[in-house]
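To start, the structure itself, in structure tokens.
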Amino acid sequence: MSITYLEAIREAQAKVLRDDNRVFIYGQDVGGTFGGAFKATKGLAKEFPGRVLNAPISEDAMVGTAIGAALHGMRPIVEMQFADFSSVALNQILNNAGTHYWRTNVPVPITVRLPSGGTKGSGPFHSQSMESLYAHYPGLVVLTPATVEDAYTMLIEAVAIDDPVVYCEHKYLYYHLKADKLPTEGMPVGKARIAREGRDLSIVTYSAMVHEALTVAEEFAREGFEIEVVDLRSVKPLDTDTVLASVARTGRLLCVGEAFPWGGVTAEVIARVSTEGFHLLDAAPQRLNAKDTPIPYHPNLWAAHRPNAKAIAQKARKLLRE
Amino acid sequence: LYRGGLISGGVYVGRGQEAVSVACGMFLQKGDIFAPLIRDQAGRSAFGEPLVDVARTYLGSRQGPMRGRDGNIHRGKPLDGQLAMISHLGAMISVTVGALMAKRTKGEKNIVGLTTIGEGGMQTGATHEGMNIAAVEQVPLVLVATNNHYAYSTPNDREFACVDLVDRAKGYGFEGYSIDGTDLGACLDVIGSAVKRARAGRPPQLVVASILRLSGHGEHDDASYITDEIRQEPFAQDCLASAERVITERGLADAETLRQWREEAAAQVDDAVSTAQKEAAPDPNEEDWCAVSTRELVDEIE
């Protein structure tokens, strides 16, 4: 038996619906017999009547409704059809959910699922990676699972967390990633994972880019270079200790992210390593992101817009020579 | 206190809106949800907010509900049913809807949620989404919209182009009612009935009240843009003066009783202010600077 990243997300939701009667799912097309644009809630409406609800195309009100329900004892999961559309709900996520605990001492346990990242032909409005934007604002936990196991355990944990969680699931990994079985427990949220050990260079990344980095590490191993790949797992909180420990072993840092280049996760990692671990570095830290344009539609342009194994390898080779 | 520099930030009052607002708080019970906005001091007090919470929030006392982290009208006690507004208008409508859905799921009966908006806030996307989702979910919601004829300084003709805002009720699947917001009796009657209908399971209720804001947007604003013509309109009357006239005309209370009430109210306000003034202000060195409640998930930035 094998299970995909997408199935793991569905199974995690089935589990929390089964185990916790405070949980309900709210989003466009999640209910009825449809089961969501990507089928992440397939069959759940039938299995859990009245708890997997179709919402109107009102992202702001969906999140607002989830906040109100969470304040009165529920554990809502909001599915955005695409991460890109969560921009319509920014106000509720950032200004209402994100400020609420600080202001009132009452936390808001909502989970907002963002089908994130690029896939071929999806264009500017169905491809975005918004983790950096959410991580910038106080009061939110931002998760970016890169494996089937993490997709499963981190979503279960997200629902259990008393604070608002933005759960960024990568659409490219939905069908491409498979595991033999679901884990019974995982690493806790907030801890980064060493996806591959190495001694020559640390590639710090998250979500789909973990797999591109692993491909590069494999390729370089054949040439005798050992690249360490750090999967951040959660971008907020950011596990600076694990990153610094990795850089202490390798002396070289390349940070890779699929989001736009200005600011963001890669900039944050480099800033932290530079301020706290400057003495550990043997070369200037480097980063690789998508280009600073909207995400292109045509596959030729799209492939050049986002980082991939080839681009990572190029950067890595240059950094290893320095 | 504001003019003396003892209050940081703005002060927002509900002059002209007291009759509408008090009626909003008056008919709510324990277990109900109230999501007031900027001009709802009367409604908050009627809902049961202690005056000392007002003073503590304006003065930033650590013992207040917001502990100096937020101020003035952004206060609330969400677990007691009084939601803490954010400044972005319309945002609290869907939050009220969600709270009512949670209560329905938990089997709480006879519940109602009331939230307020102005004619300015009615033009936001959040209000549109919130009203629509309220009707889709068929929650027992009352939305009281007060048209005070200015969004800060912008008059109605640059705010909306429909004949009457109450006409929107039908489009959303609400039941809509209009009131003269300067008439306390009408406010109590119409808003009270709307609360009763929502409680009884009727569709969401929209009440649109017409008044003139008898002050600036905040105490910093001299409201010089409010024209002399509009001040002559019937909706520009002071609801407090009208209410007082009706009370004395009908012999419900004499002038001496009214004077006593006023004195008692002033004494209560003085008490609340003097209590809050004795309390410590927030201390940045004692602040934990944590925006999430889960301590192990705090992001440590050097």
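The values are calculated or read from the model by the stated rules, or taken from the named source; none is laboratory data. Every value quoted in this text rests on a predicted model; they were computed, and no experiment measured them. Counting neighbours? That spans all protein chains shown, and the Cβs are built from the backbone with ideal geometry, glycine included.
Only helices (runs of 4 or more DSSP H) wholly contained in segment B:132-233 count here; list those with 2 or more residues that are farther than 23 Å from B:GLY16 by Cβ.
Values: elements: B:168-172, B:184-199, B:228-231.
Those helices (runs of 4 or more DSSP H) span B:168-172, B:184-199.
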Output the residues belonging to segment B:94-117 that are in contact (Cβ under 8 Å) with a residue 24 or more places away in the chain and more than 7 Å from every other protein chain (Cβ to nearest Cβ). B:LEU100, B:ARG104, B:GLU108, B:ASN110, B:ILE111, B:VAL112, B:GLY113, B:LEU114, B:THR115, B:THR116, B:ILE117
Qualifying residue in segment B:74-85 (condition: closer than 30 Å to B:TRP289 by Cα, surrounded by fewer than 21 Cβ atoms within 10 Å (Cβ to Cβ) and of a type outside the set (D, E, K, R)): yes
Within segment A:55-66, how many residues are in a helix (DSSP H, G or I) and more than 7 Å from chain B (Cβ to nearest Cβ)? 3
Among the residues listed as A:ALA192, A:ALA160, the single one being under 26 Å from A:ALA70 (Cα atoms), at pLDDT 95 or above and of a type in the set (Gly, Ala, Ser): A:ALA160
Are any residues in segment B:285-299 assigned to a loop (DSSP other than H, G, I, E, B) and either hydroxyl-bearing (Ser, Thr, Tyr) or surrounded by 10 or more Cβ atoms within 10 Å (Cβ to Cβ) (or both), and if so, which ones? B:GLU287, B:CYS290, B:ALA291, B:VAL292, B:SER293, B:THR294, B:VAL298, B:ASP299
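In contact with a strand residue (DSSP E or B) (Cβ under 9 Å, 6 or more places away or on another chain), at pLDDT 95 or above and either closer than 30 Å to B:ARG56 by Cβ or not in a helix (DSSP H, G or I) (or both) - does that describe any residue in segment A:12-19?
Among the residues of segment A:12-19, not one is in contact with a strand residue (DSSP E or B) (Cβ under 9 Å, 6 or more places away or on another chain), at pLDDT 95 or above and either closer than 30 Å to B:ARG56 by Cβ or not in a helix (DSSP H, G or I) (or both), which makes the answer no.
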Quick one: A:GLN13 ticks every box in (1) within 8 Å of chain B (Cβ to nearest Cβ); (2) buried (at least 24 other Cβ atoms within 10 Å of the Cβ); (3) in contact (Cβ under 8 Å) with a residue 60 or more places away in the chain; (4) not hydrophobic (A, V, I, L, M, F, W, C) except a single one, so which number is it? (1)
Of (1) away from every other protein chain (no Cβ under 11 Å); (2) of a type outside the set (S, T, N, Q); (3) within 12 Å of the chain's Cα centre (by Cα), A:VAL141 satisfies all except one. Which? (1)
Check on A:GLU169, within 17 Å of A:LEU320 (Cβ to Cβ) and modelled with pLDDT of 95 or more: no
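Suppose we keep only residues that are farther than 15 Å from B:ILE33 by Cβ and within 7 Å of chain B (Cβ to nearest Cβ) within segment A:67-95. Which one would you say is surrounded by the most Cβ atoms within 10 Å (Cβ to Cβ)? Quick ask: steps written out before the conclusion?
As a first pass, look at segment A:67-95 and keep what is farther than 15 Å from B:ILE33 by Cβ: A:75-95.
Next, only the ones that are within 7 Å of chain B (Cβ to nearest Cβ) stay: A:91-92, A:95.
Working: A:ASN91: 21, A:GLN92: 31, A:ASN95: 16.
So, considering only residues that are farther than 15 Å from B:ILE33 by Cβ and within 7 Å of chain B (Cβ to nearest Cβ), the one surrounded by the most Cβ atoms within 10 Å (Cβ to Cβ) is A:GLN92.
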